[in-house]
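Visitor: Sharing a structure here in structure tokens format.
The values are calculated or read from the model by the stated rules, or taken from the named source; none is laboratory data. Everything numeric here is computed off the predicted structure, so don't read it as measured data. Backbone-built Cβ (ideal geometry, glycine too); neighbour counts: all protein chains shown.
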Amino acid sequence: MADTRLDSLILRLFDVEAVKFGSFTLKSGIQSPVYFDLRVMVSYPEIMAEVAELLWEASIKSGADFKVVCGVPYTALPLATLIAVNHKKPMVIRRKEAKDYGTKKMIEGAFQQGDYCLIIEDVVTTGGSVYETAQSLEAVGMKVRDAVVLLDRGQGGNGRLKQQGINLQSVITLPKVLQVLNHHGKISSSVMAETEQFIVDNTFTNGANTPTQVQPAAAKKPRMQMTYENRAELCQHPVAKQLFSIMAAKKTNLAFSADLTSCQKVLEFADKVGPHICLLKTHVDILEDFSAEFVSSLTALADKHNFLIFEDRKFADIGNTVKYQYGSGLYKIADWAHITNAHAVPGPGVIQGLKEVGGAKGRACLLLGQMSSSGNLATGEYTKATIKMAEDQADFVIGFICTSGLSSDPRFIHMTPGVKLAEGTDSLGQQYLTPQKVIGQQGSDIIIVGRGIYQADDPVEVAKMYKEAGFSAYMSLHS
């Protein structure tokens, strides 16, 4: 009877194109011959109701003991809602990012410290999304030991979650889906064989090097309670790994914004404050005398003082255009800047265009998730879309320019401009926050300071003050 019920569900999912065969790029960047687009279920209430009941039955059968349920955003949210309503279980909602207004909570809902929470998911590949949700729940005092998923792709996620202390129960597996669809003539034997081979070739073992792999035990702590060393270990991108390592070794989370119009001035300040920074931010298009010699001198100073270079270009055009802006022309940014950044406005194409140039060179990109100027439009839906783009392109995007923490993923770096030792606003609407507020309260990782340093009477001494204030805010999270 149970098999008949599952067979019927699988066939129904295929009929509504929640299961597709072809060539698809997964979140990990891997090309897959099968794709599960279970978001389509929201248009079919009878399917939603059946899936929710099967998830509930699977959780009870597994012996899971829990007081609260939480759906992994976003596809599993309606499933968790149905379970909560039908079985009178309290529900909490995990946001993918903190709101930039109101309470700025990552977890919404009523719960008690120590409550056990059941995580609901639609599809598991590596287990990364389930684990990220568990991290967010544990960060606010709940406990997680069980999760239930509609479909386990059978690529190692179950084992990885078990290693992290989370028992995953699935309703159906990908091999079961293939068997049913082939038996009913929905897919050919060759498609079935190709997909089965894909599973074998793309099973994520504990040591696999993938952007979405479940992280080691060090990552059990919330992002801001993890050390720079811990986070460096988790990073797959070499630039992110190097930046966290520099921050740990030099005991600094200070980035200097060299918003100067003279190459000589930039070099002078880079040499003076270089020992106290982890990152130097440039605006080469405002330099009046840019030259190849400047680039050579700046990279030599970066090596001398052990800091990275971030060209704050804010790319915002179509992919084909930004490829040339990034890799060609006068500046050839990809040849010397470890990091650049982009607006999300043009869509994923802007990242793809930059990646085609910078990926092979080992470069990295930040996305502008929020801005510090008064009245800016980088809020709400724009910020949400930016975070999604970063998650989908995590092999090139290493973090955000923002005013507060946007992601619980410890591999993403958050950098905040508009930082001063005292709060305030300038005549052009730039809003300034203190290092303690930016890092200690709002969840950023790096403070970016420009005028506060280069307009000071003693730039070196002031740079030291910012370095100490920023690192003290970081250390306050580890006391």
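Visitor: Yes or no: LYS220 surrounded by fewer than 20 Cβ atoms within 10 Å (Cβ to Cβ) and modelled with pLDDT under 95?
Guide: Spelling it out, LYS220 is indeed surrounded by fewer than 20 Cβ atoms within 10 Å (Cβ to Cβ) and modelled with pLDDT under 95.
Visitor: Okay, next question. Here is a list of conditions, (1) at positive phi; (2) at pLDDT below 95, and LYS251 meets all of them except one; can you say which number that is?
Guide: (2)
Visitor: While we're here: Inside region 369-425, can you point out the residues that are at pLDDT below 90 and among the β-branched types (Val, Ile, Thr)?
Guide: Selection gives THR379, THR383, THR403, THR425.
Visitor: Then there's this: Among the basic types (Lys, Arg), closer than 30 Å to ASP3 by Cβ and not assigned by TED's automatic domain parsing to the domain that holds GLU381 - does that describe any residue in region 62-72?
Guide: No, there is no match, as no residue in region 62-72 is among the basic types (Lys, Arg), closer than 30 Å to ASP3 by Cβ and not assigned by TED's automatic domain parsing to the domain that holds GLU381.
Visitor: Could you list, in sequence order, all residues of region 426-446 that are modelled with pLDDT of 90 or more and outside any loop (DSSP other than H, G, I, E, B)?
Guide: Correct list: PRO435, GLN436, LYS437, VAL438, ILE439, ILE446.
Visitor: Yes or no: region 27-41 includes at least one residue that is without any contact (Cβ under 8 Å) to a residue 24 or more places away in the chain, in a loop (DSSP other than H, G, I, E, B) and more than 30 Å from ASP395 (Cα to Cα). Before you say what the answer is, go through the steps one by one.
Guide: The first filter runs over region 27-41 and keeps only residues without any contact (Cβ under 8 Å) to a residue 24 or more places away in the chain, leaving 31, 35, 37.
This time we only want the ones that are in a loop (DSSP other than H, G, I, E, B), so: 37.
Okay, now just the ones that are also more than 30 Å from ASP395 (Cα to Cα), so none.
No, every residue in region 27-41 fails to be without any contact (Cβ under 8 Å) to a residue 24 or more places away in the chain, in a loop (DSSP other than H, G, I, E, B) and more than 30 Å from ASP395 (Cα to Cα).
Visitor: Please pick out the residue among ILE339, ILE351, ILE333, ILE387 that is over 12 Å from the mean Cα position of the chain (by Cα) and closer than 23 Å to ASN230 by Cβ.
Guide: ILE339
Visitor: Still on this structure: So ALA456 fits all but one of (1) more than 25 Å from SER407 (Cβ to Cβ); (2) assigned to a helix (DSSP H, G or I); what number is the exception?
Guide: Just one mismatch for ALA456, condition (2).
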